[in-house]
Amino acid sequence: MGNLLGSWRFKEPSTVEECDSTWGSDSESDEPAAEDDSGISDSVSPAESDRVAGDSSPQLTDSPESVPKMKRSFYAARDLYKYRHSYPNFKRSRQPNEYRNLRFYLNKIPLVPDGIYIEEILTKWRGDYDKLEHNHTYIQWLFPLREQGLNFYAHELTQDEIKEFQSTREAKRRFLAAYSLMLDFYGIKLLDKSGNVARASNWQERFQHLNESQHNYLRITRILKSLGELGYEAFKAPLVRLFLEESLCHNTLPNMQHSVLEYYVYTIRLPATRRRLLRYARQHYRPAHAFLWGPPPKRRGGTVGSVGAGSSGIRAPAPTPEQHRRGEEGTASTNSGIFMSPQDAMMCQDLAGGLKGYAGLGSNMAGLDGVSILAAARGERNEYDEIVPL
């Protein structure tokens, strides 16, 4: 019996719908409007209401047929499913636990390969935006995860190390300082110990840079994941809400829209919080019919209806012979949805996100090319070659 249990593996999801439990226990009408588990309000400010009511952009009048159809990324959904479920098939390392991430945050060892201590980063790098932009080795040390990143010298977190980290005041203090450092780099300030955030005084300059420097979207995904691993799950929603507002309502970060909806929202573990953020996003997303992250289609006659706005873009199951004989939605089932390979889906996301940002990457991404090739040669997937929110 012991051998049987020891060899048991959790069956991984094989579709986007299986990865996404956001709407699994919810319908549009059965959740009280006043419910709020995260302090996030669905209310819309007068300025936002005026913007939505008065926006006469051609986008709003586009018909569904005139807009290229997109699908959600299965690779992104699977990656974030594993994260939210604490990596169900994770194998415990047989190597001794050296607690390198904790020792780094206690200022006892430097990050590798640069040989820099955490105190130097926190005291000398704040405001040095060129260094924060072009150095690609520090982010894996500042925001460790239970998965391998591009810096193969950085060590993955372990569950024992996480427990020790969360009980060490000095490490937690420095971790919040590191979070504040990166927020400042992005033009955001941390307001309080509850994780509330707002625009910093230099937000215009930094938002312009962030909108064009899209490799930072990968860093933000990592930061959000690390917040959850190290005991700051509640800090995610305020930051994601700010990015939704800036990208959808104020158009200050238009290139970030897809990353916020496809990645950042789904780092949040509590389904009710994700639902609230997605409802807010749906109010402001344009064109409205292209919103992919709402509840799945209503079930009719025991089968899923046509894929439309608000669906995940997954094709409904083909009708059975019995359904054909009965004439139950046979035509609708065969005409709905879209077929697309994973490669085509990711290409559509790239095109929809806008390719003008790639021209601005230039030297910012040059340092990553060699490591990405190395990872590919080793047959590994990482957050840069598989989970790219651009």
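When region 177-187 is filtered for residues that are in contact (Cβ under 8 Å) with a residue 12 or more places away in the chain and among the small types (Gly, Ala, Ser), the ones remaining, listed by number, are ALA177, ALA178, GLY187. Apart from one condition, ASN107 fits all of (1) open to solvent by 60 Å² or more (accessible area, probe 1.4 Å); (2) modelled with pLDDT of 95 or more; (3) not in a helix (DSSP H, G or I); the exception is (1). Taking (1) surrounded by fewer than 20 Cβ atoms within 10 Å (Cβ to Cβ); (2) assigned to a helix (DSSP H, G or I) in turn, ILE121 satisfies each apart from (1).
The values are calculated or read from the model by the stated rules, or taken from the named source; none is laboratory data. Being a predicted model, the structure only gives us computed values, none of them experimental. Neighbour counts are summed over all protein chains in view; Cβ atoms, including those assigned to glycine, are modelled from backbone coordinates with ideal geometry. Areas reflect the complete protein model, heavy atoms only, side chains present, ligands, DNA and RNA absent. Shrake-Rupley method; radii C 1.70, N 1.55, O 1.52, S 1.80 Å.
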